[in-house]
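Below is one structure, written out as structure tokens, with a few remarks after it.
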Amino acid sequence: MGMNWSLAKLVVRHNGRELPVPLAVRFDEYGDVDVLNVIEVPRPVPGPGQVLVKVMAAGINPGEASIRKGLLHAMWPATFPSGEGSDLAGIVAEVGPDVTRFAVGDEVLGFVETRSSHAQLVVAGIDNLVSRPSNVPWDVAGSLFVVGTTAYAAIRAVSLVKGDTVAVSGAAGGVGSLAVQLAVDAGATVIGLASEGHHDWLVSHGVIPVVYGDGVIERIRKASNGHIDAFIDTFGGGYVEMAVGLGVAPDRIDTIIDRTAAQEYGAKTDGNAAAANSDVLSELVRLIAEGRLEIPIAKTYPLTKVREAYRDLEQRHTLGKIVLEP
């Protein structure tokens, strides 16, 4: 199926009004970014406890790419045709029966559990939404849920306390960039592993930067004065083993990506699912609104450029988040 959006000019009747046919991302089989298409879909209808959101921004995440490729089929199989996306921020367009918490026109952010936020319109449960503060930009609001709750869970998993020293791999990525800030906010000394081009950003956020590559273990030891209390791995590829070699207790190592190594060494794997609720979301939004937490936005793409957005994401070199703006 080619990416052809000429039919987007068609309209549908809803409650006596003519409305544009909404667009959404769909894929019909596992594969590379070329399986992603943006197509016209029926206008979603909110049920009890739900609202219809006009999406203003929706973050994209590595886990979605893994699902699309079929790499997580055993754990999270796709049902075709499949939508995608969890993060979202937008404006309430309709409310379902008996919904009083939100009204049409309210600005919200949050998540869906139906792989459907990469769309112009999406139905979301009211328990998965919070109000968007006016000083939190749309692209930030629409990027918060997955990376924010994952970083929050990882910090909690390694039991950080004031005075601890923690190292974070992938420290400039979507999750890592938030994890280092939350760790600094908790009073820890934070060592961030990242490419040299991102070191200035890390330093400006109170993080000691360490470059990847040969000799990284020695650089970590030097930066930490030979003692690390905890390790958060957001990148994979041997960091759990490295953390053990650095003397970190396995119950203070958390990886969001390397489950095999975690099982081998007894490390934790707490991620998004361990903190996926509106209470955590509300706390993270408060930190952003107060200027205590920043989500770096690497780039934004229109919904129709979803393939390009994921190509960019899968290079794993961006600082912060890539966002779709339907």
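Below, the figures for the structure above:
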{"read-out": "In Å², nearest 10: area of GLU196 left accessible to a 1.4 Å probe", "value": "140"}
{"read-out": "Pair GLU308, ALA249: separation of 7 Å Cα→Cβ label points (nm)", "value": "5.0"}
{"read-out": "Virtual spin-label span in nm between GLU241 and ILE91, 7 Å along Cα→Cβ", "value": "5.3"}
{"read-out": "Charge dipole (the chain, unit charges on Cβ, about Cα centre) - positive-most of LEU36, VAL92, ILE297", "value": "VAL92"}
{"read-out": "Gain on full stretching of the segment that runs from ASP185 to LYS299 - 0.36 nm per residue minus C-alpha separation", "value": "38.5 nm"}
{"read-out": "The chain: calculated mean residue ellipticity at 222 nm from DSSP helix runs of at least 4, using -39500 (n - 2.57)", "value": "-7500 deg cm²/dmol"}
{"read-out": "Carbon and sulfur %, accessible surface of the stretch 121-251 computed with the full protein complex present, 1.4 Å", "value": "53"}
{"read-out": "Spin-label proximity, LYS162 to the stretch 230-264 - amide N less than 20 Å from point 7 Å beyond Cα toward beta carbon", "value": "230"}
{"read-out": "Segment ALA289-ALA74, extension gain: residue separation times 0.36 nm, minus the distance between their alpha carbons", "value": "73.5 nm"}
{"read-out": "Considering only the chain, percent of DSSP beta bridges that pair antiparallel, nearest 5", "value": "60"}
{"read-out": "Cβ-placed point charges (K, R +1; D, E -1), dipole of the chain about Cα centre in debye, nearest 20", "value": "440"}
{"read-out": "Partners for LYS268 among lysines (Cα-Cα distance below 23 Å; same-chain residues under 8 apart left out)", "value": "LYS162"}
{"read-out": "For the chain: accessible area per residue (Å², 1.4 Å)", "value": "44"}
{"read-out": "Sites GLU18 and ASP127, calculated FRET efficiency, Cβ-Cβ separation with R0 30 Å, nearest 0.05", "value": "0.40"}
{"read-out": "Selection from GLY215, THR255, ALA267 lying farthest towards where the dipole of the stretch 176-267 points positive, charges on Cβ", "value": "GLY215"}
{"read-out": "Sequence-distant lysines (8 or more away, or on other chains) whose Cα lies within less than 16 Å of LYS305", "value": "LYS321"}
{"read-out": "Value of relative contact order over the chain, rounded to a whole percent, pairs C-alpha under 8 Å and six or more apart", "value": "18"}
{"read-out": "Most positive-pole-ward Cα, TYR310, VAL240, GLY49, against dipole of the chain from beta carbon charges", "value": "GLY49"}
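The values are calculated or read from the model by the stated rules, or taken from the named source; none is laboratory data. All of these numbers come straight from a predicted model, not from anything done at the bench. Because the Cβ atoms are built from the backbone with ideal geometry, glycine has one as well, and the counts that use them run over all protein chains shown. Protein only, heavy atoms only, side chains kept; ligands, DNA and RNA dropped before computing areas. Shrake-Rupley method; radii C 1.70, N 1.55, O 1.52, S 1.80 Å.
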